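K.L.:
Okay, handing you the structure first.
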Amino acid sequence: MIRPVKSKVKTILAIGAVFAIIAFILFIWASTRPVPARVQIAFIGFTYLKWYHTTNGYDTTNEVFATTTTVGTSPRVSAYFCVSNAGKCSVVHEGNCRYELKFADGSTGALFGHSQPIGELKPGEFKTIPLIPSGDIDPWRVSLAFVRVDWRYRLFQAPPKDVGMIKKFVPARWLVRRPSECYSDWIRGAPNRL
């Protein structure tokens, strides 16, 4: 036999549910405030590689390029950067980069490029990435965009069905991921002039 729940217990459960909902809303509100990613990008140097033209595109042997070339190879320069997370939370980079250029007349410009996705960087972790520098403009620097690994990032890793259900209850402005731009130092010495 099931006993009816007393009104005092119902009241306690109702108050507990209200407090749980308020705590959840405060948690989401507090975590939507943007905290910039603290990522440092340090230029390491240039490497000349042998690139072979294949039927599927270009492939490299990761050997340092010598002064002589054979038919079917061409020299290619890669600029290497050490990307380290100096912040207190994990960040993720999804593969876009921007090259900022300073011209002789003092004006600046930007070229957009693609880099290999770095993936998640935990606090204190670093990775070395190669980028293909563009042209012979001197000086130049690289800009990479990082987002914090928080509940929004984890949410969009979930199956689309779950994401759609949660989007019904959470305001859209709380779901916006705000990337932080991180810059390398200005690099003097264009690769084509070395």
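K.L.:
May I ask which residue of Gln116, Gly164, Val142 lies farthest towards the positive end of the charge dipole of the range 101-178, with charges of +1 (Lys, Arg) and -1 (Asp, Glu) on Cβ and the Cα centre as origin?
P.N.:
The listed residue farthest towards the positive side: Gly164.
K.L.:
Obtain the nm distance between the two label points defined at Val147 and Val176 by a simple spin-label model: each point lies 7 Å from its Cα along the Cα-to-C-beta direction.
P.N.:
1.3 nm
K.L.:
On to the next question. By counting other Cβ atoms within 10 Å of each Cβ, how are His114, His93 ranked from fewest to most? Don't jump to the answer; show the numbers that get you there.
P.N.:
Numbers: His114 10, His93 24.
Sorted ascending by nearby Cβ count, the order is His114, His93.
K.L.:
Could you please rank Phe43, Phe126, Phe81, placing first whichever residue has the fewest other Cβ atoms within 10 Å of its Cβ? Walk me through the numbers on the way to the answer.
P.N.:
Values: Phe43 18, Phe126 14, Phe81 22.
Fewest-to-most ranking of Phe43, Phe126, Phe81: Phe126, Phe43, Phe81.
K.L.:
If r is the Cβ-Cβ distance from Val18 to Lys161 and R0 is 30 Å, what FRET efficiency results, to the nearest 0.05? Working shown, then result.
P.N.:
Details: r = 28 Å, r/R0 = 0.95.
Taking R0 as 30 Å, the efficiency between Val18 and Lys161 is 0.60.
No value in this document is a laboratory result; all are computed from the given coordinates. Remember, predicted model here, so these are calculated numbers, not experimental data. Glycine also receives a Cβ, built like all others from the backbone with ideal geometry; neighbour counts cover every protein chain displayed.
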